[in-house]
Every structure is written in C-alpha cells, then in structure tokens.
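A.B. asks: Below you'll find the structure I mean.
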Amino acid sequence: MVLFLCFYKFSSTGIDLGEYFLGIRMDRYAHFAMFFPYPFITWLTCRYAVQNRFFVKHAIVLTLLSGLLFAGLTEVCQDWFFKSRQGDVYDFLADSLSIITGTVIVSLVGPHAVRHLERLVTRNKTT
C-alpha cells in the first residue's frame, strides 16, 4: 500500500497536498501517515512470524534500518522511474520521522502489548 501511495499521482484526484497546515505542507503529513504503520508491522513480523533467532533478537534495529532504507528507496525510485513524481529530501525526512517515531513506540510498548494480548487470547480460549 505504501508503494502505491508513493507512486500514485494525486493531482488527478483533486486532493491538494500542496496546501499548508500549521506551517507544514500537507504532503509531509501524508508521508508521515503512510509510513507510520511500517514499524509495527515489521517488528511483529520479525519477532513472531519469522522463525530466525537473528530476526527475533534484532527486531528493533532491523525495523528501523529497513524502514529508513525503504523510505530512501521510494524517493530515489520516484525520481528515477516516474515522470509524474519526483524525489524530495523533505518527503524522506517526513518518512524517516514517521519510521523513527513508530520504532520508538514499538520498542517501548511492543513487548508489553503483545504479552497483554496473549494473556487475553489465552484467557478467552480457556473460558
């Protein structure tokens, strides 16, 4: 979904992402929102879906690094391969801020939230 949103030309929809809100272009908010779920999904995948100790042990670092790499590659690809889109350093900064924010939240809350959800699921299965 992120790739679609990164490469889609929004000018055909009538949505004006060039407007400003609180001094920040709406496009930057869109980039933040697009990349915000990435750390949660990636961390859960590394910790619980991949059966590799390296991924489990280094889930936070892998989440952060892969997210930043992914954000950078989307901007480079926009610049190189799409005439209707262009790479933008400020878009990359918005993407990166989103990835970093999500990764910090996951690192602080993730394990506790998963344990709580597991207890709830286990309790519901026994009743």
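A.B. asks: Just wondering, is there one or more residues in the stretch 82-90 that are out of contact with any Leu (no Cβ under 7 Å at 6 or more places or on another chain), surrounded by 13 or more Cβ atoms within 10 Å (Cβ to Cβ) and either at pLDDT 90 or above or under 19 Å from residue 114 (Cβ atoms) (or both)?
C.D. replies: no
A.B. asks: State all residues of the stretch 42-61 that are under 12 Å from residue 103 (Cβ atoms) and surrounded by 13 or more Cβ atoms within 10 Å (Cβ to Cβ); if no residue qualifies, say none.
C.D. replies: Matches in the stretch 42-61: 42, 43, 46, 59, 60.
A.B. asks: Next question, about the same structure. Taking residue 116 as meeting all but one of (1) in contact with a Ser or Thr (Cβ under 6 Å, 6 or more places away or on another chain); (2) surrounded by fewer than 15 Cβ atoms within 10 Å (Cβ to Cβ), write down the number of the exception.
C.D. replies: In the conditions (1) in contact with a Ser or Thr (Cβ under 6 Å, 6 or more places away or on another chain); (2) surrounded by fewer than 15 Cβ atoms within 10 Å (Cβ to Cβ), residue 116 misses (1) alone.
A.B. asks: Can you name every residue in the stretch 20-46 that is within 18 Å of residue 108 (Cβ to Cβ) and either of a type in the set (Ser, Thr, Tyr) or out of contact with any helix residue (DSSP H, G or I) (no Cβ under 7 Å at 6 or more places or on another chain) (or both)?
C.D. replies: Those that are within 18 Å of residue 108 (Cβ to Cβ) and either of a type in the set (Ser, Thr, Tyr) or out of contact with any helix residue (DSSP H, G or I) (no Cβ under 7 Å at 6 or more places or on another chain) (or both): 37, 38, 41, 42, 44.
A.B. asks: While we're looking at this one, here's another question. For the subset of the stretch 47-66 comprising residues that are under 16 Å from residue 109 (Cβ atoms) and not β-branched (Val, Ile, Thr), which member is modelled with the highest pLDDT?
C.D. replies: 64
A.B. asks: Still on this structure: Quick one: is residue 69 exposed (fewer than 15 other Cβ atoms within 10 Å of the Cβ), at pLDDT 90 or above and closer than 22 Å to residue 32 by Cβ?
C.D. replies: yes
The values are calculated or read from the model by the stated rules, or taken from the named source; none is laboratory data. A quick note: this is a predicted structure, and the numbers were derived from the prediction, not measured. Heads up, the Cβs are rebuilt from the backbone with ideal geometry, glycines too, and the neighbour counts pull from every protein chain shown.
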